[in-house]
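Down below is the structure, laid out as structure tokens.
The values are calculated or read from the model by the stated rules, or taken from the named source; none is laboratory data. Keep in mind it's a predicted model, so treat the numbers as computed, not measured. With ideal geometry, Cβ positions are generated from the backbone for all residues, glycine too; neighbour counts draw on all protein chains shown. Just the protein is used for accessible areas: all its heavy atoms, side chains included, with ligands, DNA and RNA removed. Shrake-Rupley method; radii C 1.70, N 1.55, O 1.52, S 1.80 Å.
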2 protein chains.
Amino acid sequence: MPVGTLASVKGVPQDVLEELGVQILLGNTYHLYLRPGVEQVRKLGGLHRFMAWPRAILTDSGGFQVFSLTDLRKVTEEGVTFRSHLDGSSHFFSPESAMDAQIGLGADIIMAFDECTEYPAHRDRMLESMELTLRWAERSKRHFEPHKDEVPWNHVGTAALGCPGERSSPVGDELSATQEAAELCSARQPRAAVSTQALFGIVQGGMDLALRKESAQRTIEIGFPGYAIGGLSVGEPRGLTREVVESTLEHLPADKPRYLMGVGTPEEIVEYANLGIDMMDCVLPTRAARHGLLFTSVGKISIKQARYAGDEASLDPNCGCRVCLRYSRAYLRHLYASNEVLAQVLNTVHNLSFYLDTMRAVRHSILLGKETGSSCVWSRPKP
Amino acid sequence: MPVGTLASVKGVPQDVLEELGVQILLGNTYHLYLRPGVEQVRKLGGLHRFMAWPRAILTDSGGFQVFSLTDLRKVTEEGVTFRSHLDGSSHFFSPESAMDAQIGLGADIIMAFDECTEYPAHRDRMLESMELTLRWAERSKRHFEPHKDEVPWNHVGTAALGCPGERSSPVGDELSATQEAAELCSARQPRAAVSTQALFGIVQGGMDLALRKESAQRTIEIGFPGYAIGGLSVGEPRGLTREVVESTLEHLPADKPRYLMGVGTPEEIVEYANLGIDMMDCVLPTRAARHGLLFTSVGKISIKQARYAGDEASLDPNCGCRVCLRYSRAYLRHLYASNEVLAQVLNTVHNLSFYLDTMRAVRHSILLGKETGSSCVWSRPKP
């Protein structure tokens with residue numbers, strides 16, 4: 001899932017995202033809550049309609065962003081008080097208000113409000129934090145259930161608020177692969193049927209495998225249509241990340257989407273998909289692009305380097321994206337060195353293309369593995 | 001002509017420019033001379049190939065940019081010594097070196113090196129400056145003629161330097177209206193025929209109509225395939241601009257392209273086309289877009305205003321561009337207010353679309369006027 005923090009994948013128009021084959025975007029509740037505000041998005045029909053994006057959207061709960069505001073937050077049983085990174089104003093998120101915010105934004109998949117445990121942490125702290133996340137998961141679900149019909153697009157017969165609800169919630173790898181431009185939400189007609197969002201639970205437990213197991217089991221007891229593994233990519237060594245993911249996956253049901261939050265490099269997303277992860281999100285492809293770091297089939301390229309100033313080759317000889325088909329490394333290097341905005345646009349398009357191609361290859365291999373029953377290297381073991 | 005200062009129309013990919021119907025772009029010699037450098041562009045096959053733009057390009061002579069560096073330049077008979085706005089390094093442009101630079105960049109249309117007379121100026125100063133520009137025009141042509149075959153794409157049989165030279169130089173309103181993606185310069189084959197650039201002369205003379213007439217006549221005596229009116233849009237009142245343009249046009253041949261430099265608003269480009277101007281360039285549509293100022297059929301819109309925060313209407317109800325067809329004013333306002341890069345991309349696409357639509361309407365009216373012989377308001381009088 002490319003990250004579209006403020007209802008935009010930085011620099012890339014929505015039609016280009018569609019052309020790239022993006023099936024689902026991630027939006028950040030914390031950022032959207034501050035700008036343009038949940039009520040504004042709700043009044044405008046929800047995120048899909050607001051940003052003219054007819055395909056799927058997932059919003060995080062805001063917990064991770066608030067967690068990142070180390071010096072600007074205070075956690076209590078009730079929730080988190082934090083200061084805006086924009087103007088220092090004081091705000092409060094609880095499981096209930098995080099649900100209200102995400103219902104108002106109206107994404108297809110929303111996340112329970114959790115506490116992302118810091119790294120490193122003592123076992124006592126991991127345990128205490130995990131217990132808090134479990135209580136918050138219960139409160140999230142308890143608040144979501146009676147309010148889930150309040151999504152902005154869930155008003156049968158209300159003319160201006162249609163479109164997104166007409167689709168069934170796309171979940172995991174059941175997303176339809178091709179979607180027509182005709183999908184685009186003109187949405188002047190009333191909705192045909194009622195539908196709601198999918199609320200996913202989040203497993204925490206720090207880097208302790210026993211706590212991860214307990215967190216998984218008790219989150220499953222609460223019951224969600226999908227499960228995320230949170231609290232990773234917070235500074236721990238990559239080997240430890242993998243160990244925790246592999247161990248936690250054993251305790252998550254294979255017939256529900258399993259979402260690894262905040263991961264990762266192209267190599268990592270292949271590795272984790274191979275372990276059984278269905279969904280991932282990461283700012284890496286888009287953020288790296290803005291810093292001139294490009295992922296290619298021939299390795300990483302730092303396009304700012306002078307060695308590319310006269311390089312007429314396309315960025316990635318094995319990539320069919322519109323950037324690689326048209327422009328030379330020399331031109332991309334010039335745009336970056338000259339601080340041209342087009343550098344960010346083109347670099348982001350390529351990096352997203354590389355990530356999406358990588359995931360397409362993974363899906364293809366999984367299908368081949370399933371169909372042939374072979375032990376293909378990409379085939380995904382399901383317990 | 002949209003302005004692509006550094007071989008990029010800021011924020012807009014080349015395929016989108018093609019889709020918008022852009023027939024010719026302007027590149028700034030001063031900026032390209034500094035970054036990536038003329039020799040670098042020449043080695044990479046010229047501007048067309050460097051920026052993957054198969055349609056026409058015009059480069060200015062660098063004179064106007066150097067003129068803008070008020071405190072960083074020194075003008076002598078020989079040329080202009082100036083300091084780079086980037087690093088303060090010292091450089092020198094003469095008519096000869098400006099020709100060399102523009103031949104090396106390899107645009108389709110290049111401009112004589114002129115002095116843009118400041119405003120206001122005494123008549124003595126206007127006369128002196130006009131005489132200098134006339135001497136520089138002669139030197140420009142004298143240097144261009146024996147060197148005009150040195151364009152980077154003019155090497156018959158040289159494998160890597162083909163494409164742009166295969167087209168005839170598109171000039172004025174003889175530009176072909178539709179061009180296929182197939183045009184895109186893969187250019188691994190040798191060129192089929194020799195062709196050269198078109199060097200245009202520039203009329204100066206300040207705001208003095210008699211000097212403008214003299215400048216036009218003596219520039220025509222030197223002889224160029226097209227003529228520009230320079231030295232306007234330098235701070236004078238709009239009424240005076242129009243007076244000088246109208247008066248100067250009378251002395252320029254109607255069977256050669258007439259190019260008004262640095263103009264203008266949508267109303268102005270219609271007005272000047274109606275007077276007989278064939279070509280114009282201006283940073284207004286692209287620069288205004290970056291500041292959230294949008295041109296529409298219902299007037300100018302400053303998208304940053306809070307009044308648009310909840311406005312679900314499309315930006316311009318009469319515009320068929322991909323921005324107006326997809327996004328609401330509320331979304332565009334959010335992108336701008338949140339400092340999202342996509343704001344610049346979408347705003348620029350719309351403003352260019354509005355300008356190009358305006359010129360398409362002008363051309364259509366001219367054709368109707370010609371074909372019917374009517375005195376249609378848009379029909380262009382040719383002396």
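Give all pairs with beta carbons closer than 7 Å in which a residue from region A:4-30 that is closer than 15 Å to A:Val345 by Cα and in contact (Cβ under 8 Å) with a residue 40 or more places away in the chain meets a residue that is aliphatic (A, V, I, L, M) and assigned to a loop (DSSP other than H, G, I, E, B); count only pairs at least 6 apart in sequence or on separate chains.
If the second residue must be aliphatic (A, V, I, L, M) and assigned to a loop (DSSP other than H, G, I, E, B), the pairs left are A:Ser8/A:Met51; A:Leu17/A:Val9.
For region B:268-282, state whether one or more residues are within 11 Å of chain A (Cβ to nearest Cβ), within 21 Å of the chain's Cα centre (by Cα) and buried (at least 17 other Cβ atoms within 10 Å of the Cβ).
No.
Please determine, by comparing only the residues of region A:317-336 that are open to solvent by 60 Å² or more (accessible area, probe 1.4 Å) and not hydrophobic (A, V, I, L, M, F, W, C), which one is farthest from the other protein chains (Cβ to nearest Cβ).
This residue is A:Asn318.
Tell me yes or no: at least one residue of region A:105-120 is at pLDDT 95 or above, on the phi > 0 side of the Ramachandran plot and open to solvent by less than 20 Å² (accessible area, probe 1.4 Å).
Looking for residues that are at pLDDT 95 or above, on the phi > 0 side of the Ramachandran plot and open to solvent by less than 20 Å² (accessible area, probe 1.4 Å), one finds at least one in region A:105-120, hence yes.
Please verify whether region B:78-99 includes one or more residues that are out of contact with any strand residue (DSSP E or B) (no Cβ under 9 Å at 6 or more places or on another chain) and under 20 Å from B:Leu25 (Cβ atoms).
Among the residues of region B:78-99, not one is out of contact with any strand residue (DSSP E or B) (no Cβ under 9 Å at 6 or more places or on another chain) and under 20 Å from B:Leu25 (Cβ atoms), which makes the answer no.
Considering only region B:337-350, state which residues are more than 7 Å from chain A (Cβ to nearest Cβ) and touching a Leu at 6+ places or on another chain (Cβ under 8 Å).
B:Ala343, B:Asn347, B:Val349, B:His350
Please count how many residues of region A:267-294 are over 23 Å from A:Gly27 (Cβ atoms) and not polar (S, T, N, Q).
Counting residues in region A:267-294 that are over 23 Å from A:Gly27 (Cβ atoms) and not polar (S, T, N, Q) gives 8.
Just one of A:Arg290, A:Arg242, A:Arg212 is among the basic types (Lys, Arg) and within 30 Å of A:Phe50 (Cβ to Cβ); which is it?
From the options A:Arg290, A:Arg242, A:Arg212, the qualifying one is A:Arg290.
Could we say that B:Arg307 is at pLDDT 95 or above, open to solvent by 40 Å² or more (accessible area, probe 1.4 Å) and within 10 Å of another protein chain (Cβ to nearest Cβ) here?
no
Do we find a residue being assigned to a helix (DSSP H, G or I), of a type outside the set (S, T, N, Q) and touching a Lys or Arg at 6+ places or on another chain (Cβ under 7 Å) anywhere in region B:194-202?
no
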